[in-house]
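Colleague: Structure below; questions to follow.
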Amino acid sequence: MAQDAGWGGGAYGGAAYGGGPYGPPGWGGWVPPPKPGVIPLAPLKLGDVLGGAFSTMGRYWKQLFGLAAALYGGAALLMAGAVAVAYSAVSGHLDHVISLDYDESASSTDIVPLVVAGGVLALLGIVTMAVVSGLMYAAVPAVLQEAVLGRPAAFAAVWRKAWAHVAPVIGALILTALVATVPVLLVMAAFIGVIISVLTMDSGGAAATAVTLGILGALVTGPLAAWIWIKVCLAPAAVVFEGRGPVAALRRSAELVRGDWWRIFGITLLAALIAGAAGYVIQIPFSVLGLFPGMIGTASLEEDPSPTAVIVAMSGYMVATLLGQLVSQIISTTFPQLVTGLLYVDRRIRTENLGPALAEAAGVPAQGGPMPPPYGGGAPQW
């Protein structure tokens, strides 16, 4: 760790937390670690990590939720506009394909425009979500940097820092996503094999072989993918906190996770379950509210409605569902990333004695004592 000089660079001297001046000096002499922000500047327990994540959401909700709402809302509007443009361009071909009888087959003049429009929409969706996810994965650590020190985080400053790191964060996310590609593809192969086997009533042919190989392959590669995933889960935080590139951030994450894999896995899984449960609960009232305009709209449809009439009739339900999914997406993205960022801070406190340097940067006495000495000639770089 000799190259680290702060959040973005070097080892920190001084006694580690839990020893020297930071351990209990005697009966009644223990002083709690300083807590200038959302967490104590000492090795974090589970309650500290979860409490710090909730506190950050409470104190910096404007920055976190405001940016997330702007990004995901803008992405939703962009995709809605793209779908409207695509539908206006190929609506005639779509109506013609839908109106075909069962014994008629669609011509290539109708299929090709529909396939091209679908491909363009899919590509636009992938690029849009990559940029939005990259900005969110960069913005959360940017807010967390200030939250740990108890400093205000201006919305414009968070945006500038997130935009400055979005490219390497997207690179790290893509490299991390590749970890899950193999088991996911094997599961998809098994699922397709099951469908083919059911449709053809073939229990011993190529479809059954694909099912067997897919399931066995997923069982073999799944645990390895989960192990690698946790090893590199701190990479986005390393990009923002230390200014590293995608590959260097992955290596840095693996270095910090070493020796604490199971604990990070458990806390990360718990955070994902909490966010998933909260997102599910949030979507319920939106879905219920959307049922009423949906039922009213579908009741007024004719016997053979056009696709446009169906879309208009279901627009109320779709808008309510979209809003519920938007809010759920904001929670499921923000909370787990706050937990992951705090795990990054915790690992640096434990392995690099980052606590005294953070106390210096926050301008508070370390462990209730005198101000800590400067590290590396001044406060750590943030």
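Colleague: In region 244-256, which residues are surrounded by fewer than 21 Cβ atoms within 10 Å (Cβ to Cβ) and over 20 Å from A164 (Cβ atoms)?
Modeller: R251, A254, E255
Colleague: Scan region 347-360 residue by residue and report those that are small (G, A, S) and in contact with a helix residue (DSSP H, G or I) (Cβ under 6 Å, 6 or more places away or on another chain).
Modeller: Taking region 347-360 as the starting set, the residues that turn out to be small (G, A, S) are 355, 357, 359.
Listed by number, the residues that qualify are G355, A359.
Residue-wise test of (1) at pLDDT 85 or above; (2) under 18 Å from Q145 (Cα atoms); (3) surrounded by fewer than 24 Cβ atoms within 10 Å (Cβ to Cβ).
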{"residue": "L322", "(1), (2), (3)": "no, no, yes"}
{"residue": "Q325", "(1), (2), (3)": "no, no, yes"}
{"residue": "F335", "(1), (2), (3)": "yes, yes, no"}
{"residue": "E352", "(1), (2), (3)": "yes, yes, yes"}
{"residue": "E360", "(1), (2), (3)": "yes, yes, yes"}
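Colleague: Is there any pair with a first residue in region 61-72 that is of a type in the set (A, V, I, L, M) and a second that is surrounded by 14 or more Cβ atoms within 10 Å (Cβ to Cβ) and not in a helix (DSSP H, G or I) whose Cβ atoms are under 7 Å apart and which are 6 or more apart or on different chains, and what are they?
Modeller: Cβ pairs passing all conditions: none.
Colleague: Also: Looking at (1) surrounded by 15 or more Cβ atoms within 10 Å (Cβ to Cβ); (2) among the β-branched types (V, I, T); (3) in contact (Cβ under 8 Å) with a residue 40 or more places away in the chain, find the lone condition where I98 falls short.
Modeller: Answer for I98: the failing condition is (1).
Colleague: Among (1) under 20 Å from V327 (Cα atoms); (2) within 20 Å of the chain's Cα centre (by Cα), which single condition is G52 missing?
Modeller: The number of the failed condition is (1).
Colleague: What's the number of the condition G266 fails, among (1) buried (at least 18 other Cβ atoms within 10 Å of the Cβ); (2) at pLDDT 95 or above; (3) of a type outside the set (K, R)?
Modeller: (1)
Colleague: I've got another one for you. When the residues of region 362-382 are filtered to those that are modelled with pLDDT of 60 or more and part of a loop (DSSP other than H, G, I, E, B), which remaining residue is surrounded by the fewest Cβ atoms within 10 Å (Cβ to Cβ)?
Modeller: Applying the filter and picking the extreme gives G363.
The values are calculated or read from the model by the stated rules, or taken from the named source; none is laboratory data. Quick caveat: nothing in here was measured; it's all calculated off a predicted structure. In this analysis, Cβ positions are derived from the backbone assuming ideal geometry, glycine residues included, and neighbour counts consider all displayed protein chains.
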